[in-house]
Amino acid sequence: MSSNEDNELLGAFIEESVEHLADIEGDLLAIEQGGAVNNEERVNKVFRAIHSIKGGAGFMGLHVLQDLAHAAENVLGLMRTRKLTPTQEVINGLLLATDRLKQHLANISCSNEIDISAPVAILNAIAAGDQPAATSPPEVRPAAPEAMAPLSTEGDIPPPDDGMATSKTETSIRVSVSLLDQLMTLAGELVLSRNQLLQTIGSGAAPEAEAVGQRIDLVTSELQGAIMLTRMQPIGNVLGKFPRVVRDLAKKLGKEVELHLVGKEVELDKTIIEAISDPLTHLVRNSIDHGIESPGERQGLGKPSHGTLLLKAYHAAGQVVIEIKDDGRGLDGEQLAATAMAKGLISADQAKLMSAKEKLNLILLPGFSTAALVTDVSGRGVGMDVVKTNLDQLGGTLEIDSVVGQGTRIAIKLPLTLAIIPSQIIMTGEERYAIPQANLEELLRIPAAQIKERIERVGDAEVVRLRGTLLPLIRLSDTLGIERTYYDEETGTTRSDRRHNIADRRSRTSPLFDPAAIVVREPETTPEPRGTDRRQSPSSALNIVVVTTGAFRYGLIVDRLLDSEEIVIKPLGRHLQGCQGYAGATIMGDGRIALILDIADLARMARLTSLEGSRRSGELARETLLKRQDRQALLTFRSAQEEQFAVPLSLVERVEKINRSQIEAIGSRRVMQYRGGSLPLLSVDEVATVLPLADQDNLLVIVFRLKGKDIGLLASGPVDAIEVSAEIDAVTLRQTGIMGSAIIGGTTTMLVDIFELVETLHPDWFGDAAACGGEDVDQVLIVDDSEFFRNLVRSYLEQAGFPVVEAVDGLDAWQVLESNHETIGLVVTDIEMPNLDGFELTQRIKHSSRFAHLPVIALTTLAAEEDIARGKAAGVEEYHIKLDRERLVEGVCRCLRTTVAA
């Protein structure tokens, strides 16, 4: 055979062998847990894989590799015939052999020169040991200490070579034939569309060219999605290694750890899967090393001797979430803050301003951890800044939740792919920038007349009032070191803005306004009279992009908010790679470059400190609570232009702009392509007696997530996110899909019941709605001073099969409890009520010997961190938004199950 043919055969052998070994490790661990008798098929599978490796190595002339595989095959042969029991020592020897086989394959060019006498001796000793039949108390000759030691890559194993075979295994990927067929079909469609476009351009037929352009747009989108699928791989390729990691580390530390893997079938881009391996390994090792206690310590705390570690992957809002959750000792935010102050990483004033969540995030700071911290604060800081940096580079975020004594949950959110991402395009000065939608929470536009009321200063920081909290603000222009500007909508020009404070007066006679520093984009219209106050003009409105990085949440002040677009990420050139604040670049439709903003880096550059936990924030929250009883955050929209609707803002996942041509009719259903799948579409007029959806090309899709599925509600603009405390009429316009109406902004607005709307059209989604209800279920006490919300929650729970009793306030609820205490199993209470509010009622329940066992769910329009902390202090088990039926019913099921189990 030629040299090229030899190389191809060798590469194929290495690729196949690596796949065999990846499966073998997990199978060996399963055999160890269940024994050979219960895993006969697994034993046969491992034997066949090792036999294949041995045969291939012999054919390729890799004699050392062949001898090592032969020794492992002998041990597995004894296990197949049940002459050898797979004890821990036996599995150790086989795992050592698989490790050495992997290293041989990674150094294939010098494989025949590597010394394998030690692992072969261990395997031969195991095979030659006096092993009785599996039916008697077996004794296996212990393996040599080397089998227990971590494998070193130094000494007899040289570094990997750069040969062709190794390169091939790193770059190759398997793609199904059906996917290749789909790509070929789409490529053919693209060629046909190109030919049609050239023909129409040549004939000058503009209408036909427009139709062909839409066809090319559709085919390109489908082709993009199909190509992305070729790079997708199951995350199980990474998660599969952790049973071995957990087993070895737990044994080394003298701990008992039970690992649960969920969601191994979830797919991610191959590049992300490869990059996420090391950060995940670090987090898993930290959970075992510093989170989960020793068996003796756990038993002393009343816990099971074995700890539990959960690795879970799932899709959420167009991203993949990976959770690492343990039931260990947890993190103490106050100790973390004290340590950070002692190390000079934060000041005492900063610590006072921090919320509990921000104190947990201190472990992500560079230089935070020391050897003393590992002992004193459960040691999760070592290298966590590196983990965070790696995730930032992938466009991911990291969130930490922890309860002292109960455990820690770390959630990593990752994009499905790094190549193409949805982004919000914004403009500051004359430049456009892209903000990844993974970091985007909402867009906020504050009218000029409200700026002075909603913007204030806390210390040296400018903050905005947003739903009862103070959100720190960053001016993008200041952070990037460019001139402050604003966009004059009346003249279409970008002007210099020299105001010191956001709420300062802007006028032409003011020294803060420089009429000479005007960048003209279009011819100026007639200038305003000198001395005109511009603070009330539309140009003085404030555009804020609310973003989050996991560690911080802040508002980014920009000049203009443009459209959302899917962008193709390009790396920065070498001369720009040292610039802070940018994650890459993209080419816009007009050929100009737009830089992609690094939201986490901008926060660091601005030395951001959140004010969520500050005293002023707490005062503001309390003021807001007093002002907005039953105040609702709503998203208003139109279906027909003549009618206004609203849905709870908390239920909305996102709002997409679409063209009517993107809607596809499949049978009697409407769908659109959405993030690699099909999004079911519905409109209010399909269920309720309202005017039909507006007949226009530009539409909106309001995306919700119900029963684990995404669904889109078709609508037309304008849309607005508002907070109202209007009185709700539950009678006049009540019908299927419409829960009531209210006067909002002087317009009668129908409140859409999205659950009822979807349940009417897709009843199969809600088949298990009454799974927790039934005849033997205890009553649920609903406490709310609003008749509308009381009736609404009662209907939610009764439809799910729960018997309900009502009370109009906390004092009435206490009297109901005293008279019906034997039949009530759960209390669902509003917070703001006369006579006795929800917090006071909860405290009274938890301090009563008769009622302390009752779980309490707080049902409110607010769920800010301070409210949740106050509720937990009072004894509230869970917080839920009033109009979120699905999560409320799930919470009731969960709390009642817990009560029954106790």
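The values are calculated or read from the model by the stated rules, or taken from the named source; none is laboratory data. Model, not experiment: these values are computed from the prediction. Counting neighbours? That spans all protein chains shown, and the Cβs are built from the backbone with ideal geometry, glycine included.
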Handout entry: residue 481 vs. criteria of a type in the set (Gly, Ala, Ser), closer than 22 Å to residue 426 by Cβ and modelled with pLDDT of 80 or more
Key = yes
Practice task
Would you check if residue 269 is within 17 Å of the chain's Cα centre (by Cα) and in contact (Cβ under 8 Å) with a residue 12 or more places away in the chain?
Solution key: yes
Handout entry: Unmet requirement for residue 408, which otherwise passes all of (1) assigned by TED's automatic domain parsing to the domain that holds residue 270; (2) at positive phi; (3) not acidic (Asp, Glu)
Key = (2)
Problem - Residue tally, condition modelled with pLDDT under 85 and among the charged types (D, E, K, R), over region 870-883 - result: 3
Completion exercise
Of the residues in region 806-823 that are touching a helix residue (DSSP H, G or I) at 6+ places or on another chain (Cβ under 7 Å) and crowded, with 18+ Cβ neighbours inside 10 Å, the one that is farthest from residue 783 (Cα to Cα) is 814
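Residue-by-condition table, conditions (1) modelled with pLDDT of 85 or more; (2) among the acidic types (Asp, Glu); (3) part of a loop (DSSP other than H, G, I, E, B):
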{"site": "693", "(1), (2), (3)": "yes, no, yes"}
{"site": "700", "(1), (2), (3)": "yes, no, no"}
{"site": "716", "(1), (2), (3)": "yes, no, no"}
{"site": "723", "(1), (2), (3)": "no, yes, no"}
{"site": "731", "(1), (2), (3)": "yes, no, yes"}
{"site": "739", "(1), (2), (3)": "yes, no, no"}
Exercise for the section: Keeping to region 51-65, report how many residues are assigned to a helix (DSSP H, G or I) and buried (at least 19 other Cβ atoms within 10 Å of the Cβ). Expected result: 5
Handout entry: Any chance residue 636 is at pLDDT 90 or above, hydroxyl-bearing (Ser, Thr, Tyr), in a strand (DSSP E or B) and within 30 Å of residue 728 (Cα to Cα)
Key = yes
Problem - Subset of region 247-279 [among the basic types (Lys, Arg) and in a loop (DSSP other than H, G, I, E, B)] - result: 255, 264
Problem - Flag for residue 673 being outside any loop (DSSP other than H, G, I, E, B) and out of contact with any strand residue (DSSP E or B) (no Cβ under 6 Å at 6 or more places or on another chain) - result: yes
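Scan 221, 152, 167 and give me the residue that is at pLDDT below 80 and under 30 Å from the mean Cα position of the chain (by Cα).
Only one candidate qualifies: 221.
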Practice task
Could you please find all residues in region 695-705 being farther than 30 Å from residue 800 by Cβ and either crowded, with 18+ Cβ neighbours inside 10 Å or polar (S, T, N, Q) (or both)?
Solution key: 696, 698, 699, 700
Practice task
Go through region 813-856 and give me each residue that's part of a strand (DSSP E or B) and among the hydroxyl-bearing types (Ser, Thr, Tyr).
Solution key: 829
Problem - Identity of the residue in region 104-121, part of a helix (DSSP H, G or I) and buried (at least 18 other Cβ atoms within 10 Å of the Cβ), that ends up nearest to the chain's Cα centre (by Cα) - result: 106
Problem - region 706-747: number of residues that are loosely packed, with under 15 Cβ neighbours inside 10 Å, touching a residue at least 60 places away in the same chain (Cβ under 8 Å) and under 19 Å from residue 670 (Cβ atoms) - result: 0
Fill in the blank from the handout: Those residues of region 659-692 that are over 24 Å from residue 223 (Cα atoms), touching a helix residue (DSSP H, G or I) at 6+ places or on another chain (Cβ under 6 Å) and surrounded by 13 or more Cβ atoms within 10 Å (Cβ to Cβ) come to a total of 3
Practice task
Just one of (1) touching a strand residue (DSSP E or B) at 6+ places or on another chain (Cβ under 8 Å); (2) polar (S, T, N, Q); (3) free of Cβ contacts under 8 Å to residues at least 24 places away in the same chain trips up residue 299, so point out which.
Solution key: (1)
Practice task
Test residue 97 against the criterion of being buried (at least 20 other Cβ atoms within 10 Å of the Cβ), of a type outside the set (Ser, Thr, Tyr) and under 16 Å from residue 18 (Cα atoms), and give yes or no.
Solution key: yes
Handout entry: Residues of region 188-214 that turn out to be surrounded by fewer than 11 Cβ atoms within 10 Å (Cβ to Cβ) and either assigned by TED's automatic domain parsing to the domain that holds residue 661 or outside any helix (DSSP H, G or I) (or both), as a count
Key = 1
Completion exercise
Filter region 884-902 for residues that are touching a strand residue (DSSP E or B) at 6+ places or on another chain (Cβ under 9 Å) and modelled with pLDDT under 75; the one that is surrounded by the fewest Cβ atoms within 10 Å (Cβ to Cβ) is 900
Practice task
Provide a single number: the residues in region 38-69 that are in contact with a His (Cβ under 6 Å, 6 or more places away or on another chain) and farther than 22 Å from residue 110 by Cβ.
Solution key: 1
Practice task
Being assigned to a strand (DSSP E or B) and surrounded by fewer than 19 Cβ atoms within 10 Å (Cβ to Cβ) is the filter; apply it to region 387-412 and report the residue that is modelled with the lowest pLDDT.
Solution key: 399
Exercise for the section: Just name the residue that is surrounded by the most Cβ atoms within 10 Å (Cβ to Cβ) out of those in region 868-883 that are in a helix (DSSP H, G or I) and in contact with a helix residue (DSSP H, G or I) (Cβ under 8 Å, 6 or more places away or on another chain). Expected result: 871
Exercise for the section: Looking only at region 424-434, decide whether some residue is within 30 Å of residue 337 (Cβ to Cβ) and among the β-branched types (Val, Ile, Thr). Expected result: no
Completion exercise
The residue that is modelled with the highest pLDDT, considering only those in region 757-782 that are surrounded by fewer than 20 Cβ atoms within 10 Å (Cβ to Cβ) and acidic (Asp, Glu), is 778
